[in-house]
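The next block holds one structure in the form of structure tokens; read it before the comments.
Values in this text are rule-based calculations from the coordinates and carry no lab data. Computed from a predicted structure; not experimentally measured. Because the Cβ atoms are built from the backbone with ideal geometry, glycine has one as well, and the counts that use them run over all protein chains shown.
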Amino acid sequence: MIFVLQIKSKKLKNNNSILKEFLDNAFNLKSHLMGFFSMKESDLDEFLADAKMNLANSHPGDVLSDVSDFYSQIVGDRHVADLAAWHITSKDYIADTLKLQQSFSRDLVLDFGGGIGTHALANAMSSTVEKVFFVDINETNRNFVEYRANELGVEKKLAFCETIKDTQISKFDTVVCLDVLEHLADPASQIEIFNEIMNPNSIALFNWYFYKGENNEYPFHIDDTQIVESFFKTLQSNFLEVFHPILITTRAYKKIR
Ligand SMILES: C[S@@+](CC[C@H](N)C(=O)[O-])C[C@H]1O[C@@H](n2cnc3c(N)ncnc32)[C@H](O)[C@@H]1O
């Protein structure tokens, strides 16, 4: 019995220790980057430097006919670099989003557009979560997070899928969709899909940034007025906001009906 408890406690952590581990080393992010990309420590700075502009510069502009092609065909490992640099330099902000998900996450969790896995891995470490379905259109991201899950010993609590359909789950208790909606051609229809896969007691965590940036550093973000207006109409007709006290842009929602 003691042996079993020791095994469990190695992988399942309390909320404070999960936050501390993220703030200390972003769940060993640098060592995972080196291991996954077979990179020396001396190459890491170059990989992370200018990651944001490297990603922006790889966007082909208006010639891109299908928005999702950018993430599935073009970015390669550039999105991993961009997200890693962001999660390392903005760790207090990311930690607040982790704190928020700790107050809502339970049972079956969908992390849609999960990126480098910070939120999915933190959820997998939590005792209130049964399983996390990490969905991301980018194969490098999926493989990198699977590598990280194995390194952190939480692989049994995670599944990796390209689409929500691939999860084969009809209803999720928690939906996490952070910094993704502005990357979709039609964020309103994504909100309708989330509504369909939630129970009356499910909670969704959403944020968005429909802005291309002061210097076009986010050329891949959707900012079309009609698309954005349709998004807000759909959000407000399907979901009711659930108050939380953390001072960040991410909002918590439950279904209206
Ligand atoms: C800015 S990142 C956000 C990552 C993560 N949620 C975070 O907060 O760090 C956007 C992510 O959405 C993914 N993505 C873009 N379009 C997608 C789609 N249609 N389906 C699933 N994932 C998508 C990208 O591959 C990328 O990992």
Can you work out the Karplus-derived ³J(HN,Hα) for every residue in segment 117-131? Use 6.51 cos²θ - 1.76 cosθ + 1.60 with θ = phi - 60°, whole Hz, and x for glycine or proline.
x, 3, 6, 5, 5, 4, 5, 5, 7, 8, 6, 7, 9, 8, 8
Simple SL model, points at 7 angstrom along Cα→Cβ for residue 58 and residue 226; separation in nm is 3.1
Counting other Cβ atoms within 10 Å of each Cβ, which trypsin sites (Lys or Arg not before Pro) in segment 15-67 have at most 14 and sit in a DSSP loop?
40
Please give the residues of segment 171-190, grouped as numeric ranges, whose backbone N is less than 20 Å from a label point set 7 Å along the Cα-to-Cβ vector of residue 74.
179-187
Length gained, residue 192-residue 14, 0.36 nm per residue minus C-alpha separation, equals 60.7 nm
Would you mind giving the average projected area, over all directions, of the Cα convex hull of the chain in nm² with one decimal?
14.4
With each label point set 7 Å from Cα along the Cα-Cβ vector, what nm distance links residue 90 and residue 216?
2.2
Fewest Cβ neighbours within 10 Å first, please rank 240, 205 accordingly.
240, 205
Any residue on another chain or 5+ positions along whose placed amide H is under 5 Å from the amide H of residue 129 is listed here as 107
Directionally averaged projected area (convex hull, Cα atoms, segment 126-257), nm²
9.5
How would you classify segment 1-126 from its alpha-carbon gyration tensor, with a ≥ b ≥ c the square roots of the eigenvalues: rounded for a/c under 1.5, else prolate if a/b is greater than b/c, otherwise oblate?
prolate
Which ordering of 132, 154, 145 is given by a fewest-first count of other beta-carbon atoms within 10 Å?
154, 145, 132
Descending packing, highest mean Cβ count within 10 Å first, for 219-230, 108-119, 175-186, 60-71 is 108-119, 175-186, 219-230, 60-71
Of 78, 148, how do they rank once you tally other Cβ atoms within 10 Å and put the fewest first?
78, 148
MRE, 222 nm, helices only [DSSP H, n ≥ 4, -39500 (n - 2.57), over the chain, to nearest 500]
-13500 deg cm²/dmol
